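To start, the structure itself, in structure tokens.
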Amino acid sequence: MIIAPSLLAADYGQLAKETARASTSGAEWLHLDIMDGHFVPNISFGPAIVKALRPLTKMFFDVHLMCSKPEILLEPFARAGADQIIIHVELDEDERVTPLLWQIRKLGKKVGLSLNPPTSINLVQPYLDQIDHLLVMTVNPGFGGQEFIYETLPKIQQASAWRRDRNLKYTIGVDGGVNLKTAAECARAGGDVFVSGTTLFAAHSLKHAVAKMRKIVHEHDPALADLKV
């Protein structure tokens, strides 16, 4: 399993310290939500912040682009230190997804694809053999602290079934409303990367919160314990 604290829930006035907390917490990834105020109704941060944080930790930087024009951001975030870049399947209304995935791969980064709660899981099917990571949004993206949408669980189950049936290797992430209870539900459905913001960063001890989430997820799917970055 992989646990990925989401920096969106961190104290923005203490980003260096919050990154250090995450780095010593036992979590594998740091999830970085990039919002442009257009694709989603919020604005977060850009490549300069990622570049500033990169020397502070060896954590895997999971950069999630919730942006209408990711093509202008791929190279800046790659240079800033992203290890994986995620784009949204909803961009394929203009047949942009395949070129974007190819561009991420060309930059030497791991390739991620995400979908929002209203989006059919079937839309990701053509791209499953091109990606390293599938991120299922379990809230409508834009703001942290939202309630988990349980109707997204069948998408996780379907993504897991496709992975098994097609002998593919992509990881399945869940993002939004992921707490100790919903993480267990997602693990049972087949998720193996758990993006969690408020539950982890709001904890007095991030290290303890990560360990507790890992224990609960492991109890619901022990096979996840062998998953590596």
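In the stretch 164-192, how many residues are assigned to a helix (DSSP H, G or I), more than 14 Å from Thr138 (Cβ to Cβ) and without any contact (Cβ under 8 Å) to a residue 24 or more places away in the chain?
2
Taking the stretch 105-130 only, how many residues are among the aliphatic types (A, V, I, L, M) and either assigned to a loop (DSSP other than H, G, I, E, B) or under 16 Å from Lys169 (Cα atoms) (or both)?
Final tally of qualifying residues: 5.
Condition first: more than 16 Å from His31 (Cβ to Cβ) and in contact with a helix residue (DSSP H, G or I) (Cβ under 8 Å, 6 or more places away or on another chain). Can you find one or more residues in the stretch 131-143 that meet it?
yes
Only one of Ile86, Ile72 is at pLDDT 95 or above, surrounded by 15 or more Cβ atoms within 10 Å (Cβ to Cβ), out of contact with any Cys (no Cβ under 8 Å at 6 or more places or on another chain) and of a type in the set (A, V, I, L, M). Can you tell me which?
Ile86
Taking the residues in the stretch 82-122 that are in contact with a strand residue (DSSP E or B) (Cβ under 9 Å, 6 or more places away or on another chain) and of a type in the set (Gly, Ala, Ser) as candidates, determine which candidate is nearest to His38 (Cα to Cα).
Within the stretch 82-122, the match that is nearest to His38 (Cα to Cα) is Ser114.
Residues of the stretch 26-78 being charged (D, E, K, R) and either part of a helix (DSSP H, G or I) or at positive phi (or both), which ones?
Across the stretch 26-78, the qualifying residues are Lys51, Arg54, Glu71, Glu75.
Hey, can you tell me all the residues within the stretch 200-220 that are touching a residue at least 60 places away in the same chain (Cβ under 8 Å) and either in a helix (DSSP H, G or I) or crowded, with 18+ Cβ neighbours inside 10 Å (or both)?
Leu200, Phe201, Leu206, Lys207, Ala209, Val210, Ala211, Met213, Arg214, Val217, His218
The values are calculated or read from the model by the stated rules, or taken from the named source; none is laboratory data. Every value quoted in this text rests on a predicted model; they were computed, and no experiment measured them. Here Cβ is always computed from backbone atoms with ideal geometry, including for glycine, and neighbour counts include all displayed protein chains.
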